[in-house]
Structure formats: C-alpha cells, structure tokens
Amino acid sequence: MTPRCLAAFVFCAAMLVSPAGRAQQAPGKVTVLKAARLFDGKSGALVTPGVVVVTDGKITAVGANAAVPAGAEVIDLGDATLLPGFIDAHTHETEMNSDDWKQRELDQLQKPIAEQALDATSNVRVTLMAGFTTVRDVGSHDYLDVGLRNAIRDGKVPGPRMLVSVYAIGSTGGHCDGSAGFREGLFGKETGPAQGVINGADQARYAVRLMHKYGANVIKTCASGGVLSLTDDVDTPQLTQEELNAIVDEAHALRLKVATHCHGAEAAKRAVRAGVNSIEHGTFLDDEALDMMKQHGTYFVPTLMAVQGLQERLDKGIYIPPAISIKAQMAIANIRKTFQKALAKGVNIGLGTDAAVYPHGRNAEEFHQMVDLGMKPIDALKASTSSDAELLGLADKIGTLEPNKLADVVAVPGNPVENIRQTKKAFFVMKEGVIYRNDRTTISR
C-alpha cells in the first residue's frame, strides 16, 4: 500500500467517525447495496445481480429480487462483487512488522505500553480498510489486545471486530515464552502462568483461567517450537498430553475455543487428541496427523502469508538471526506441500495469515496463496467467510450475507472467482452497517 493510498484511507475513516471516535449511523436508516454480482459466503456460485438491504446495522434482505424500500439510500457499486466481510483467523494486531529485526526487538523493550497501543491502531485501521471486518488475535502482551479490542468495540478506534487471547500459553523456554533468548534475570523474575508460561497440568489450567479472567475470548497454545523463537527447534513438542488436555478441558468448560500454534506432527497429534479447535501453521504435519484432523473436524489454518513474508526478507538479504533463518527456510520448503495434502484429504481449512510477520494490510494475499496451491477460488472465499465464522464460533452473526446477520459487507472489483487477486482490491468496506470505505461514491434515493 502506497503512502498516498494509506493517507486516503485514514482520511475516509476520519470522515466517518465522530470527534469522540464513534462511527455515526442514524437509527432506522436503510441502505441498499447494489453490484453486478454477489457471493453469499456459502453457495457454490455467485448471484447476478447482487443486492443487499441493510437496516440498523443488520442485513434485512439479500439477492437479485430483494425489494428496495421507499426512501432507502441506494449505493450502486457497478461492476463489482459484494461479499461478506473477510475474516482473518490468525493475526497479531498489536505487533509491528519491521525489516529491522534488532530494532523491532529493541522497540518492544523501550517503547512505553501506551505508545505501543497507539502504534497498533494503525495496524487495525489498514486491516479494516483491506476488507477484514473480523480478526482473531492470537497472542499479545501487557493486555494490548484487550484494550485494542475494547476501543474498537466502543467506536473509539476504527478497526475489525477482534477476538483476543491475551497471552499465548506454552512451556518454559518454549515458543510462547517471551523471555526465551534473553539472559537469566534480565526481567527480574521467571515468567509464569500470568504470562502464559506453564509447567504441568495444574499450571496449564490456572493459565487458562487467568487469560479468561483478564479478557480472553479465545485461548491460544503453543504445542510445538516456532520459526521466530530463538531457543527451540521448530517441530519439537513443547506441551505434554496432560498439559494440552487440561488447557482444552478448561477452555471448553469456559466456552472458549482453542487455537494451537503447531508446526510438528507429534505435537499436532497430541493437540488433536486433546480436542483443540484449530492447528495453526502445521508446517510438518504428516498423513496420520492430517487424518486425525479430518476425523475430529479440527481446522487447519496454514498462514501461508507468514512464509511469504519470511521469503521476502530472505530474498532482500535482510538480517535475520541465523537460528531463525535456518528454521524459516525449512518452513518455506514444507508448508506448501502440507497445504496441498490437507486440501486433498478434505481437512477443514480456515484463512489466517499471521499478520505482523508480513506488513499489516496485505491480509487478502492469502486468498491467492491458497488458490495458487490448488484450492478452488470459491472455496478460498468460503475459507475467509463462512468457514472462519464457524471456526470462531460466530456463524450466527457473521460469515454470510443472510437476513438477521450483522451487515459486514465488502466489495471488490470484477469477479473474484475468475481472478482471486481481485480480493486485494477491496474498495468498499461496511462493518455493522457503517461504511468505513467507499471509493465509488454513487448514491441515490
């Protein structure tokens, strides 16, 4: 995204937000969206033409034959496709992307929490303007994600609807231990359950309760090592079966779903046995792990944009710690083959991108990453709409264009089934009936 485009997006968002920060919408207002085509989020084909009627932030009618109420504001978007607001099931909205690895690490240590929170508002803004009206944020620190979610919910900051996990839960020295790689004693004390670092089933259960207590509406675990952590191998298991069982049992008892960072096959098998709802990344999943996921209905969120971001850094010759560089090359070499195996086996696939590993706002590139590897364009669209809504437990509210659903609507030029890269060009974004972006202003009454 060019600086000029970003400035235009920010200006449009500012024009649609009151001085107090809350988007304005008159009670009882009826808006009718028209376009050449419509994808409802669940069908196997597009509808022509596309019409969506919105009243008080909810969809009241959909389809070519939907009646236009008298006095409604009609927005004709022309040769475009209306779709449900996109969903990204794996983001880190409170983390900043940077090509300077050392400076990014230093910023996290030096910047005041308030400044980091303000930085994050730029991430959620560009994410929303890219057409993503809902995201699942899977790991933050210092309750930045909770504050950001609440500010968006209360209309103080424009951004997507957020589900947040507070701290991700993992083992001492593992991928989710934020102090791993730093010298002993630097932070004054060892990390513990309050920071999501656990040892044993009792601490695992306690950590889930703490995350829930302080605002989580999804639980994130780290079942295996990771690419971007300094002190572990990428595919090694890092939580025991008993620890995973305790995490999932406690989370599900609290009606929270569990997303599991997992690259290795053995860690994935433990996680699936425990009953996690999704495996994130899944780089080295073997046939047995994928078959188990298919049998249990476990979702696979492959985060292909994460390896794209890593590949771009390697291609530029940008400094990455050697231990991370080696793991990044291993991940790049394997994830695409794993995705194709999962697709062939019919494993549930959701769209998630690992935003922050690549620059925020490029989320929609995940669509073509999946299609380039063999997924049908219509199924890629479903992955980010109805499938992700089901994974997040929000299928009764979002994910499809149907009466009584929240009016989250995106428009892209042309036909994204014929050219999936059109999803990168969202020019109209509505969330709960409020228009945050409209680059084609054709309004009539």
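Tabulated values for the structure
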quantity	calculated
Those residues of segment 279-320 which are in contact (Cβ under 8 Å) with a residue 24 or more places away in the chain, among the polar types (S, T, N, Q) and either open to solvent by 30 Å² or more (accessible area, probe 1.4 Å) or more than 21 Å from GLY374 (Cα to Cα) (or both), in sequence order	GLN308
Unmet criterion (only one of (1) surrounded by fewer than 24 Cβ atoms within 10 Å (Cβ to Cβ); (2) without any contact (Cβ under 8 Å) to a residue 60 or more places away in the chain; (3) under 24 Å from the mean Cα position of the chain (by Cα)) for ALA207	(1)
Residue match in segment 155-172 (condition: farther than 25 Å from ARG437 by Cα, of a type outside the set (Lys, Arg) and in contact with a Cys (Cβ under 6 Å, 6 or more places away or on another chain))	yes
Residue within segment 221-234 that is under 20 Å from ASP137 (Cβ atoms), open to solvent by less than 30 Å² (accessible area, probe 1.4 Å), in a strand (DSSP E or B) and not small (Gly, Ala, Ser) present	yes
Residue under evaluation GLY85, criteria (1) farther than 30 Å from LEU401 by Cβ; (2) in contact with a Pro (Cβ under 9 Å, 6 or more places away or on another chain); (3) crowded, with 16+ Cβ neighbours inside 10 Å, criterion not met	(1)
Pairs with Cβ under 7 Å, 6+ apart, first in segment 250-273 and under 13 Å from MET211 (Cα atoms), second part of a strand (DSSP E or B) and aliphatic (A, V, I, L, M)	ALA251/ILE219; ALA251/VAL258; LEU256/ILE219; VAL258/ILE219
Selection count where residues are open to solvent by less than 50 Å² (accessible area, probe 1.4 Å) and within 15 Å of ASP286 (Cα to Cα), scope segment 321-333	1
Sole exception among (1) open to solvent by 10 Å² or more (accessible area, probe 1.4 Å); (2) more than 30 Å from ASP379 (Cβ to Cβ); (3) in contact with a strand residue (DSSP E or B) (Cβ under 9 Å, 6 or more places away or on another chain); (4) modelled with pLDDT of 50 or more for PRO27, by number	(3)
Strands (runs of 3 or more DSSP E) fully within segment 62-152 counting 1 or more residues that are of a type in the set (Gly, Ala, Ser)	80-84, 86-91
Test: residue in segment 230-251 that is out of contact with any helix residue (DSSP H, G or I) (no Cβ under 6 Å at 6 or more places or on another chain), under 29 Å from ALA151 (Cα atoms) and of a type outside the set (Phe, Trp, Tyr)	no
Within segment 182-196, tally of residues that are in a loop (DSSP other than H, G, I, E, B) and open to solvent by 50 Å² or more (accessible area, probe 1.4 Å)	8
Residue in segment 334-342 that is small (Gly, Ala, Ser) and assigned to a helix (DSSP H, G or I) present	yes
Options VAL166, VAL157: the member that is open to solvent by less than 20 Å² (accessible area, probe 1.4 Å) and either assigned to a loop (DSSP other than H, G, I, E, B) or in contact (Cβ under 8 Å) with a residue 40 or more places away in the chain (or both)	VAL166
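The values are calculated or read from the model by the stated rules, or taken from the named source; none is laboratory data. Here the structure is a predicted model, which is why all the values come from computation and not from measurement. As a convention, Cβ positions derive from the backbone with ideal geometry for all residues, glycine included, and neighbour counts pool all protein chains shown. All accessible areas refer to the heavy atoms of the entire protein, side chains included, with ligands and DNA or RNA removed. Shrake-Rupley method; radii C 1.70, N 1.55, O 1.52, S 1.80 Å.
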